[in-house]
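Chemist: Before anything else, here's the structure in question.
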Amino acid sequence: MKNKKGFTLVELLAVIAILAILVIIALPNVLKLFRSAKQNTFVTEVQNLVRSAENKYLTSSLSSGSNEICFDSKTNKLDMTGRDNLTYKIKLTNKGKIIEVNVRDDSYELIASEEAGINRVDLGNKYKVESAKTSITDCDGNELIDGEKPKVKYVETELNGADPVLGEKMIPVMLSDTGVATYAHDYDKWYSYKDKEWANAVILVDTPSKEYVAGDTIAESDIRGYFVWIPKYSYRIFNLGDYDSVESSQPEKSSAQQIEIEFGIRTTGEIEGECITPMESGLLRAQGATKDCQVGDLMTHPAFLSIPSNGFWVGKFETGYNQNEDPSLPMTDENISTWTTAKAQVNEIKTDNIIIKPNVYSWRGVKLYNFFMSAYNFNRNLDSHMMKNTEWGAVAYLSHSKYGIEDEVRINNNSNYLTGYAANEKDASRSETENTKWNTSNGYTASTTGNITGVYDMSGGSWEYVAMYIDGNNVGSSGMESIISNEIYNKYLDKYSNLVTSNTFYKYRILGDATGELGPFYKDGNNIKSTWYADFSRFVEPNYPLFGRGGGFGESNYSGQFYFNRGTGGAYSNDSARMVLNP
């Protein structure tokens, strides 16, 4: 038998050792080639970015006549497919010369800056490719997120550009079903009007218990005010409101209907033949219009035009009164427990005491002038002011569109004037116990959305004055004489025609204010009601020249977001008002 000879263990170990030495010798060269290829790919992508910037510069020049001269990965993106991990800023002169290139990915960065201009080819040899470590700013000087794909600010296509605008000290929040507020990142989906989830924001007390950052849960005691965003919209006119009398009995059919709304920052009338919003009382034709507005026309709501904006923030609740000795401090359960409904009646200018919160006493017993000035001085950088009648109408109409509850909101029947409550059943009368808080399933029925994101207290609670007057300086006992004669305040007031002589002259409404358009109207005993949920409906008149909205806690089925009545503007224990911000 022949012997079979193979490799010995020593020979195998020798072969392995030789191979290992070869690998050790070759590996650096292989890695170098790999790194070089990866860097070359990165440089090619930088050159492609620059080429894309040059092309976009030329395209903008040809299409609009103006040149785009700065592009970044956050606010003004370039057309680059396949590499979404690039963070970049490319700057050009107004003559199209590249003068700054800052690009990085997960591994590399290339920083180049030349006043004389940068040649695309030079980016492959004149400038170093280094390990990614430098932070890059966007075209506005803000730092792009370091080491990760830049986050894009959330917007909702449904709003057509009318997304929330956050002003000084305003924090975007997401509310849990139980009302817990979480500081939202601006790239979070923190609202969705398509799903009836309206945007919410809060303002904190001057000296909160901690400094908050995005992602934090915000302590209720640190919140001074809740606000809800009402995006700019146009609505389809459903009734011209041309009524000057009432019917003797209730019509068989309700007039309540879905209000058709289109969000967007464009104002109707910019295209020939469109309805131009008439801003004055009783008018169907705006100044400069060639035709009257008619039923079926799409018309920009006037609330967004007298104070030009793409929306406004409305107080989520009736305005409350901070009874703490130092209103700048947090409002803890312990100190709020000492508050009383009587102490919330203060007829003075008290800007520092304004709060907009649930489960606090509504600020009452204040004449219209004092509330107007308190609201005006709340924050001038946010263009704060007392809610106008047309702004009330804008919220009410949005509530009855496909974006809102599309029904009458439930009455707040809390007889202690506590904010954010809901009756346990529809049209309930006044009660101290037969009601529930805003952050419960029953409480949602008192919201304009039918969920926790909407506006509360628009039915019942306190009777809410709105900022308006009848032309001719008739301001009742409101004290508003100096306000209506001062041009500074004109945009914060709705002016109604002095031709109004009766509380049934609904034809002198302002289209969109949710008064005359809610007809026809009818008598029910000594009361006048609309055919929208039988809400109480008396127009202003010379002896009672100020509107009150929403009704009171004890007015049962008379109350609602479509309720309107006339008053004197004086200081009464059942009257309050609401705040609006236009940052």
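The values are calculated or read from the model by the stated rules, or taken from the named source; none is laboratory data. Here the structure is a predicted model, which means the values were calculated and not measured. Counting neighbours? That spans all protein chains shown, and the Cβs are built from the backbone with ideal geometry, glycine included.
Listed here are the residues, each with its yes/no results for (1) crowded, with 24+ Cβ neighbours inside 10 Å; (2) more than 25 Å from F378 (Cα to Cα).
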residue	(1), (2)
N474	no, yes
G516	yes, yes
D524	no, yes
E541	no, yes
G550	yes, no
A571	no, no
L581	yes, no
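Chemist: Oh, and also: How many residues, within the range 332-370, are more than 25 Å from the chain's Cα centre (by Cα), not in a helix (DSSP H, G or I) and not aromatic (F, W, Y)?
Modeler: Matching residues across the range 332-370 total 15.
Chemist: Moving on to the next point. Name the residue, out of N379, N474, that is in the same structural domain as V540 (by TED's automatic domain parsing), in contact with a strand residue (DSSP E or B) (Cβ under 9 Å, 6 or more places away or on another chain) and in contact (Cβ under 8 Å) with a residue 24 or more places away in the chain.
Modeler: The match here is N379.
Chemist: Suppose we filter the range 90-131 for residues that are closer than 16 Å to F42 by Cβ, surrounded by 13 or more Cβ atoms within 10 Å (Cβ to Cβ), in contact (Cβ under 8 Å) with a residue 40 or more places away in the chain and of a type outside the set (F, W, Y); how many remain?
Modeler: 10
Chemist: Only one of these is assigned by TED's automatic domain parsing to the domain that holds T419, among the β-branched types (V, I, T) and free of Cβ contacts under 8 Å to residues at least 12 places away in the same chain: I223, I271. Name it.
Modeler: Only one candidate passes the filter, namely I271.
Chemist: How many residues does the range 258-268 hold that are in contact (Cβ under 8 Å) with a residue 60 or more places away in the chain and either in a loop (DSSP other than H, G, I, E, B) or among the basic types (K, R) (or both)?
Modeler: 6
Chemist: Another question about this same structure. Condition first: part of a strand (DSSP E or B) and out of contact with any Cys (no Cβ under 9 Å at 6 or more places or on another chain). Can you find one or more residues in the range 371-385 that meet it?
Modeler: In the first step, residues of the range 371-385 are kept if they are part of a strand (DSSP E or B); the result is 385.
Subsequent filtering for residues that are out of contact with any Cys (no Cβ under 9 Å at 6 or more places or on another chain) retains 385.
Looking through the range 371-385, at least one residue is part of a strand (DSSP E or B) and out of contact with any Cys (no Cβ under 9 Å at 6 or more places or on another chain).
Chemist: For the range 260-300, what are the residues that are modelled with pLDDT of 95 or more and among the hydroxyl-bearing types (S, T, Y)?
Modeler: Within the range 260-300, T267, T268, T277, S281, T300 qualify.
Chemist: Residues being within 30 Å of P231 (Cβ to Cβ) and either surrounded by 19 or more Cβ atoms within 10 Å (Cβ to Cβ) or in contact with a Gly (Cβ under 6 Å, 6 or more places away or on another chain) (or both): count how many of those fall in the range 426-450.
Modeler: Number satisfying all stated conditions: 11.
Chemist: A303 - would you say it is outside any loop (DSSP other than H, G, I, E, B), surrounded by 16 or more Cβ atoms within 10 Å (Cβ to Cβ) and either assigned by TED's automatic domain parsing to the domain that holds R236 or modelled with pLDDT of 95 or more (or both)?
Modeler: Yes; evaluated as a whole, the condition is true for this residue.
Chemist: Identify the residue in the range 274-289 that is out of contact with any Leu (no Cβ under 9 Å at 6 or more places or on another chain) and in contact (Cβ under 8 Å) with a residue 12 or more places away in the chain and, among all such residues, is nearest to G525 (Cα to Cα).
Modeler: Here is the first cut: in the range 274-289, the residues out of contact with any Leu (no Cβ under 9 Å at 6 or more places or on another chain) are 276, 280, 285-289.
Okay, now just the ones that are also in contact (Cβ under 8 Å) with a residue 12 or more places away in the chain, so 276, 280, 286, 288-289.
Numbers: I276: 39, E280: 32, A286: 38, G288: 44, A289: 42 Å.
In this case the residue turns out to be E280.
Chemist: While we're looking at this one, here's another question. For the range 206-242, name all the residues that are under 23 Å from K194 (Cβ atoms) and not aromatic (F, W, Y).
Modeler: Within the range 206-242, V228, I230, P231, K232, S234, R236 qualify.
Chemist: Still on this model: For P327, work out the one condition from (1) under 30 Å from K523 (Cα atoms); (2) buried (at least 17 other Cβ atoms within 10 Å of the Cβ) it doesn't fulfil.
Modeler: (1)
Chemist: Taking interchain pairs and intrachain pairs at least six residues apart, which have beta carbon atoms under 7 angstrom, with the first residue in the range 483-511 and at negative phi and in the same structural domain as H385 (by TED's automatic domain parsing) and the second among the small types (G, A, S) and assigned to a helix (DSSP H, G or I)?
Modeler: These pairs meet every condition: Y506/G516; K507/G516; R509/G516.
Chemist: Give S234, S254, S248 a once-over and let me know the one that is assigned by TED's automatic domain parsing to the domain that holds S502, of a type outside the set (V, I, T), touching a residue at least 24 places away in the same chain (Cβ under 8 Å) and surrounded by 13 or more Cβ atoms within 10 Å (Cβ to Cβ).
Modeler: Exactly one of S234, S254, S248 is assigned by TED's automatic domain parsing to the domain that holds S502, of a type outside the set (V, I, T), touching a residue at least 24 places away in the same chain (Cβ under 8 Å) and surrounded by 13 or more Cβ atoms within 10 Å (Cβ to Cβ), namely S234.
Chemist: Determine whether the range 338-345 contains at least one residue that is closer than 30 Å to G161 by Cα, touching a Ser or Thr at 6+ places or on another chain (Cβ under 7 Å), buried (at least 20 other Cβ atoms within 10 Å of the Cβ) and not β-branched (V, I, T).
Modeler: Looking through the range 338-345, none of the residues is closer than 30 Å to G161 by Cα, touching a Ser or Thr at 6+ places or on another chain (Cβ under 7 Å), buried (at least 20 other Cβ atoms within 10 Å of the Cβ) and not β-branched (V, I, T).
Chemist: Output the number of residues of the range 454-486 satisfying the condition of being of a type outside the set (D, E, K, R), in a strand (DSSP E or B) and either in contact with a Cys (Cβ under 7 Å, 6 or more places away or on another chain) or closer than 17 Å to F539 by Cα (or both).
Modeler: Here the count works out to 7.
Chemist: For the range 389-407, state whether one or more residues are over 17 Å from the mean Cα position of the chain (by Cα) and part of a strand (DSSP E or B).
Modeler: no
Chemist: If you go through the range 132-139 one residue at a time, do you hit one that is in the same structural domain as A53 (by TED's automatic domain parsing), polar (S, T, N, Q), part of a strand (DSSP E or B) and surrounded by fewer than 20 Cβ atoms within 10 Å (Cβ to Cβ)?
Modeler: Within the range 132-139, none of the residues are in the same structural domain as A53 (by TED's automatic domain parsing), polar (S, T, N, Q), part of a strand (DSSP E or B) and surrounded by fewer than 20 Cβ atoms within 10 Å (Cβ to Cβ).
Chemist: Say whether the condition of being buried (at least 24 other Cβ atoms within 10 Å of the Cβ), closer than 20 Å to W392 by Cα and aliphatic (A, V, I, L, M) is met by at least one residue in the range 494-510.
Modeler: Yes, there is a match, as at least one residue in the range 494-510 is buried (at least 24 other Cβ atoms within 10 Å of the Cβ), closer than 20 Å to W392 by Cα and aliphatic (A, V, I, L, M).
Chemist: So how many residues does the range 387-425 have that are of a type in the set (K, R) and either within 18 Å of F227 (Cβ to Cβ) or free of Cβ contacts under 8 Å to residues at least 24 places away in the same chain (or both)?
Modeler: Here is the first cut: in the range 387-425, the ones of a type in the set (K, R) are 388, 402, 410.
Still in the running and either within 18 Å of F227 (Cβ to Cβ) or free of Cβ contacts under 8 Å to residues at least 24 places away in the same chain (or both): 388.
Total satisfying the criteria: 1.
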